[in-house]
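Please read the structure below before turning to the comments.
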């Protein structure tokens, strides 16, 4: 699958200092020590393409982009993988509602997502695969779980054969990421795609591994499991394994994925006989009109509509930077105006002359300290207030240099914000 064109990159000389990141599983901030020396491997969960990119999506991929930039600034090579869940109930239901082919709907939304990521100057992943593209590999993983005795059938009266579930009791890996009790899990499991009360399941949290073919639904042949389509969690395990290998260094995504998705993805991987991610980094939720942005509530702020209405994508990045990636916050027009003002001041300062080694060091330090973008903005605000022409009286380059004190170049390399314009 084609992703998008990455922005041109001019990294600073490597700092040699590691990124310190909050790990959801341990609850602690610790240095990222790659499992493979010299290379950091990062997986970020992708979209279900039945609607375009809203600010909640943007916050997640912006956070993952900052992680990537911080890892690169420490001197590491970075490999990233990302999926597209183009075979899923919400997509199929939306396509049926609108009377369109599910593949055409998915393709149109994937294209729009790519345009949004390119506008926001998000670095494209090296591996970018949709579920439908990876189906052969996913089926192989599902069959491997069956062969290891981790799958069991549950009768499906409306299908020609049974559905198959993962037996979580065998490996005891449930809750490894979230640390939640079963009671806490059951409070949200049904709302987040689970079916805790389905008759025939061995455990209430056991996840769907393979759904038998129903009339009107896409289906693929999975040998002894019959025709059907995969469950949600096994897909990411497969795409991560094929793209960057298991185990990898960082699993990223929104905090709403901690449970069930990341808990159960890890459980699938353990059932295959290998660990999943060494650390888990989760971004907070973005609200609008008093509620978390969601398609069901209809309170979405879309990236492409903001850009269409004349908002500079760098303003959107600065709005996102104003909030720590792990925090929950609410979008407002006031946030937008403050970010517009910031971008104007930063670009004016860059035109006057952008050199400040001390500012660059603060920016690098803030980024590697669990992506402390608010502290970075404070440093940039101070720089913009006090920026002066360079010693020879010639205006700064606006971000084309890579010198140790070139603030516009550092802002571009570290935060993906270009001060040209």
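No value in this document is a laboratory result; all are computed from the given coordinates. All values reported here derive from a predicted model rather than from experimental measurement. Ideal geometry is used to build each Cβ from the backbone, glycine not excepted, and the neighbour counts take in all protein chains shown.
Ordering of 286-292, 274-280, 158-164 by packing is 274-280, 158-164, 286-292, highest average first (other Cβ atoms within 10 Å, averaged per residue).
Taking packing as the residue-averaged number of other Cβ atoms within 10 angstrom, the listed peptides 142-154, 238-250 run from highest to lowest as 238-250, 142-154.
Take the Cβ atoms of residue 144 and residue 361, set R0 to 45 Å, and the FRET efficiency comes out at 0.40. Residue ranges 206-215, 1-10 sort as 206-215, 1-10 when ordered by packing (mean number of other C-beta atoms within 10 Å per residue, highest first).
Which one is right for this structure if volume of the Cα convex hull per residue in Å³ is calculated from it: [x] 354; [y] 140; [z] 131? Among [x] 354; [y] 140; [z] 131, the one derived from this structure is [z]. For the pair residue 204 and residue 309 in one chain, pulling the backbone fully straight at 0.36 nm per residue adds 33.1 nm over the alpha carbon distance. Just so you know, the Rg over Rh for the range 62-206 is 1.02, from Cα atoms, with Rh as the Kirkwood radius.
Cβ-Cβ distance of residue 118 and residue 344, R₀ of 25 Å, FRET efficiency by 1/(1 + (r/R0)^6): the value works out to about 0.60. Averaging the Cα positions of each part gives two centres, and for the range 231-296 and the range 138-185 these lie 16 Å apart. Build a GNM of the chain with springs between Cα atoms under 10 Å: which of 84, 177, 270 gets the top mean-square fluctuation? Per the Cα network of the chain with a 10 Å cutoff, 270 tops the list. When a/c is below 1.5 the answer is rounded, else prolate if a/b is larger than b/c, else oblate, so apply that to the range 132-173 with a ≥ b ≥ c taken from the square roots of the Cα gyration tensor eigenvalues. Judged from the Cα gyration tensor, the range 132-173 comes out oblate (a/c at least 1.5, b/c at or above a/b). The distance from the alpha carbon centre of the range 360-382 to that of the range 81-134 is 33 Å, rounded to a whole number.
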